[in-house]
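Visitor: Have a look at the structure that comes next, please.
The values are calculated or read from the model by the stated rules, or taken from the named source; none is laboratory data. Values in this document were obtained by computation on a predicted structure and should not be read as measured data. FYI the Cβ positions are ideal-geometry reconstructions off the backbone, even for glycines, and counts take in every protein chain you see. All accessible areas refer to the heavy atoms of the entire protein, side chains included, with ligands and DNA or RNA removed. Shrake-Rupley method; radii C 1.70, N 1.55, O 1.52, S 1.80 Å.
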Amino acid sequence: MRIAVYGLGYVGTVTAAAFASTGCDVVGVDTDEHKVAMLAGGRTPVLEHGLAELVAAEVAAGRLTATTDGEAASAGSEVSLICVGTPSAPNGSLSIDAVERVAATIGHGLSRSGKWHTVVLRSTCLPGTTEDVIGTAITAASGLQPGAGFGLAMNPEFLREGSSLADFRDPPKTVVGELDTRSGDIVASLYAFLDAPLFRVPIRVAEMVKYADNTYHAVKVAYANEIGAMCRSLGVDSHAVMNVFKEDRKLNISTAYLTPGFAFGGSCLPKDLRALVHAAGRADVDVPLLGSVLAANEAHLRRTLDAILSSGRRRVAMLGLSFKPGTDDLRESPLVELAERLVGKGFELSIYDPAVVKANLVGANLRYVETHLPHLSALLVEDLQPAVENAEVIIVGAPFPGVEELLRDDQLVVDLVRLSDATRRSARGRYVGAAW
């Protein structure tokens, strides 16, 4: 396959050389004549382990060339990979000027080639960029339409400086965001040599995946450092603590707690967060990440409450109340907090949760509900169907069987558990998801 790689920085140079090493004919494109001259002469414009030798070998083999003529590069290739920089603007926004310029250049080249061409974004850009910016710019320059005159895809890179060649050859995953099957097939074929999970997803999902990855990595670094700072203040070996932490592959280093949903609660997480943050304050240790977690949780709960308040509807049925479905533990349940605020604002509230029986609550569990929902007995209902039928707003806080069949078109559905795709589609316009 003939590939044009736009941008000869870290990502572009590694991508160009690596694909050349798989047997593709690759041309690297950049407006910087010095970078182009270096690559054309068999020298890498960026320092990266193993890259100098690879570039020299691929240039010598004739599989890797370089040019400043971006239009000719797209006209003479089958795939264009956009790997230009997307730096932060002074206000923190993303600068995509280079992406837009390259897209226009590719479009001008396509207008004279007359051949099918697939344009692929590799640069990290916010959702919507591939379709709304790149697709639009190419159409304006070429007169061709995405999916009809050219293919369009997003293929985020997962390359770490210092180990980028190794990461290219052994990635944790390959993500192809495709406008259509044809576009996705072409991009996926480039990675046929890899033994890695392949995800073919909508373009905007692929764009957002990279942000989910990088921000989570940043959170992990900040989290480990704040735990380390607390350990130091308490005279504890931070590495010993985190070595134990990292060995837990069931809850800590795992998929646990990483599915978007409703706010957290229960008898452990809020209490332990408050205790550690309080201890940090007493020790004069600044822990802004840990200190903001409860505020973030509160903001998430508030979004759900605001959706109900703005609906103008007053009769509410809450399905589920306990911290976890199937239990009667109400301590710091976010559903109890939501119910308390709705009652306080005068809503007509009924609650269905067969696991919660006021007469069976004891100890701290009973004391908690008496403080937060003293009239719980009057709010609880025994039957699911009448609870749903009599309400204008249905808060689905637990996955009770049969709920979806009872929902009506005139009801607002506030979904905290993620109902089926069919239900979410049919409820469009009268549906609020907790985080989707």
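Visitor: With respect to GLY265, is the statement that it is in contact with a Phe, Trp or Tyr (Cβ under 6 Å, 6 or more places away or on another chain) and under 22 Å from VAL414 (Cα atoms) true?
Guide: Numbers: in contact with a Phe, Trp or Tyr (Cβ under 6 Å, 6 or more places away or on another chain): yes; under 22 Å from VAL414 (Cα atoms): yes.
Taking the combined requirement at face value, the residue satisfies it.
Visitor: Let me ask you something else. Can you tell me which residue within the range 166-180, out of those that are without any contact (Cβ under 8 Å) to a residue 40 or more places away in the chain, outside any loop (DSSP other than H, G, I, E, B) and under 19 Å from the mean Cα position of the chain (by Cα), is farthest from VAL11 (Cα to Cα)?
Guide: Only one residue fits best here, namely GLU178.
Visitor: Look through the range 249-263, keep the residues that are of a type in the set (S, T, N, Q) and over 14 Å from the mean Cα position of the chain (by Cα), and return whichever of them is least open to solvent (accessible area, probe 1.4 Å).
Guide: Looking only at the range 249-263, we keep the residues that are of a type in the set (S, T, N, Q), and these are 252, 254-255, 259.
So of that shortlist, the ones also over 14 Å from the mean Cα position of the chain (by Cα) come out as 252, 254.
Details: ASN252: 53, SER254: 30 Å².
Going through the qualifying residues, I end up with SER254.
Visitor: Test of understanding: among ALA359, ALA339, which residue is over 19 Å from LEU301 (Cα atoms) and either exposed (fewer than 15 other Cβ atoms within 10 Å of the Cβ) or at pLDDT 95 or above (or both)?
Guide: ALA359
Visitor: Residue by residue through the range 365-392, note down the ones that are in contact (Cβ under 8 Å) with a residue 60 or more places away in the chain and either open to solvent by less than 30 Å² (accessible area, probe 1.4 Å) or assigned to a helix (DSSP H, G or I) (or both).
Guide: Result: LEU384, ALA387, VAL388, ALA391.
Visitor: Another question, if that's okay. Being part of a helix (DSSP H, G or I), free of Cβ contacts under 8 Å to residues at least 60 places away in the same chain and either touching a strand residue (DSSP E or B) at 6+ places or on another chain (Cβ under 6 Å) or open to solvent by 80 Å² or more (accessible area, probe 1.4 Å) (or both) narrows it down to one residue among VAL244, VAL277, VAL293; which is it?
Guide: On the way: VAL277 fails: either touching a strand residue (DSSP E or B) at 6+ places or on another chain (Cβ under 6 Å) or open to solvent by 80 Å² or more (accessible area, probe 1.4 Å) (or both); VAL293 fails: either touching a strand residue (DSSP E or B) at 6+ places or on another chain (Cβ under 6 Å) or open to solvent by 80 Å² or more (accessible area, probe 1.4 Å) (or both).
So the residue among VAL244, VAL277, VAL293 that is part of a helix (DSSP H, G or I), free of Cβ contacts under 8 Å to residues at least 60 places away in the same chain and either touching a strand residue (DSSP E or B) at 6+ places or on another chain (Cβ under 6 Å) or open to solvent by 80 Å² or more (accessible area, probe 1.4 Å) (or both) is VAL244.
Visitor: Would you mind stating whether ALA435 is open to solvent by 30 Å² or more (accessible area, probe 1.4 Å) and either more than 21 Å from ARG314 (Cβ to Cβ) or among the aliphatic types (A, V, I, L, M) (or both)?
Guide: Values: open to solvent by 30 Å² or more (accessible area, probe 1.4 Å): yes; either more than 21 Å from ARG314 (Cβ to Cβ) or among the aliphatic types (A, V, I, L, M) (or both): yes.
In short, yes.
Visitor: For SER95, which of the numbered conditions (1) open to solvent by 10 Å² or more (accessible area, probe 1.4 Å); (2) farther than 22 Å from GLY9 by Cα; (3) in contact with a Pro (Cβ under 8 Å, 6 or more places away or on another chain) fails to hold?
Guide: (2)
Visitor: Name the one entry in VAL201, VAL119 that is surrounded by fewer than 20 Cβ atoms within 10 Å (Cβ to Cβ) and in contact with a Gly (Cβ under 8 Å, 6 or more places away or on another chain).
Guide: Details: VAL119 fails: surrounded by fewer than 20 Cβ atoms within 10 Å (Cβ to Cβ).
Within the list VAL201, VAL119, the selection yields VAL201.
Visitor: In the range 58-92, how many residues are touching a helix residue (DSSP H, G or I) at 6+ places or on another chain (Cβ under 8 Å) and either assigned to a helix (DSSP H, G or I) or open to solvent by less than 20 Å² (accessible area, probe 1.4 Å) (or both)?
Guide: The number of residues fulfilling the criteria is 14.
Visitor: Turning to a different aspect of this structure: Report, by residue number, each residue of the range 142-164 that is farther than 15 Å from GLU131 by Cβ and either open to solvent by 10 Å² or more (accessible area, probe 1.4 Å) or of a type in the set (D, E, K, R) (or both).
Guide: SER142, GLY143, GLU157, PHE158, LEU159, ARG160, GLU161, GLY162, SER163
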